[in-house]
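Asker: Structure provided below as structure tokens; questions to follow.
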Amino acid sequence: MSGVWVFKNGVVRLVENPGADSMERGQRKVLVHLPTNEVITCYEQLETKLLSLGWERYYDDPDLLQFHKHSTVHLISLPKDFRKFKSMHMFDIVVKNRNMFEVRDINC
């Protein structure tokens with residue numbers, strides 16, 4: 001994982017370096033649901049997994065998919081377009097759902 005952690009408006013996020021070594025080798029990242037070893041390929045799949053873990057969908061922002069878990073202060077915000085789903089979003093999901101998801105490199 002290459003990039004720089006940026007703190008802005010109270011939020012820490014990873015800004016990836018597009019010239020990173022892993023990108024030069026043609027690798028990209030995928031989100032894997034560990035209990036089923038299933039690669040998440042669309043938001044419908046992801047939403048099903050998150051709902052089963054107690055997350056609720058928020059519909060406040062038309063440009064984002066948002067999920068909240070009542071037992072925590074966590075909020076997952078994702079771009080509406082799955083093609084814009086980046087590794088920083090994947091790692092956010094992993095951190096907020098320990099032992100349920102993992103980010104893996106795959107060769108293109």
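Asker: Restricting the first residue to the range 58-84 and requiring it to be touching a residue at least 40 places away in the same chain (Cβ under 8 Å), which pairs with a second residue that is surrounded by 15 or more Cβ atoms within 10 Å (Cβ to Cβ) meet a Cβ separation below 6 Å and a spacing of at least six or different chains?
Answerer: Every condition considered, the pairs that remain are F82/Y43.
Asker: Hey, among the residues in the range 81-108 that are open to solvent by 90 Å² or more (accessible area, probe 1.4 Å) and over 20 Å from E16 (Cβ atoms), which one's nearest to the chain's Cα centre (by Cα)?
Answerer: Among those residues, the one meeting the criterion is R98.
Asker: Let me ask something additional. For the range 50-108, enumerate the residues that are of a type in the set (K, R) and either closer than 21 Å to L34 by Cα or outside any strand (DSSP E or B) (or both).
Answerer: If the condition is that a residue be of a type in the set (K, R) and either closer than 21 Å to L34 by Cα or outside any strand (DSSP E or B) (or both), then K69, K80, R83, K84, K86, K96, R98, R104 are the ones that fit.
Asker: Can you report the number of residues in the range 25-38 which are buried (at least 16 other Cβ atoms within 10 Å of the Cβ) and more than 21 Å from S77 (Cα to Cα)?
Answerer: Qualifying residue count, the range 25-38: 0.
Asker: Could you count how many residues in the range 39-58 are open to solvent by 60 Å² or more (accessible area, probe 1.4 Å) and not hydrophobic (A, V, I, L, M, F, W, C)?
Answerer: Summing the residues that are open to solvent by 60 Å² or more (accessible area, probe 1.4 Å) and not hydrophobic (A, V, I, L, M, F, W, C) in the range 39-58 gives 6.
Asker: Turning to a different aspect of this structure: Looking only at the range 87-108, count every residue that is of a type outside the set (A, V, I, L, M) and within 19 Å of T48 (Cα to Cα) and tell me the total.
Answerer: 9
The values are calculated or read from the model by the stated rules, or taken from the named source; none is laboratory data. Every value quoted in this text rests on a predicted model; they were computed, and no experiment measured them. Here the Cβ is made from the backbone with ideal geometry for all residues, glycine too, and neighbour counts use every protein chain on show. We work out accessible area using only protein heavy atoms, side chains counted, and drop any ligands, DNA or RNA first. Shrake-Rupley method; radii C 1.70, N 1.55, O 1.52, S 1.80 Å.
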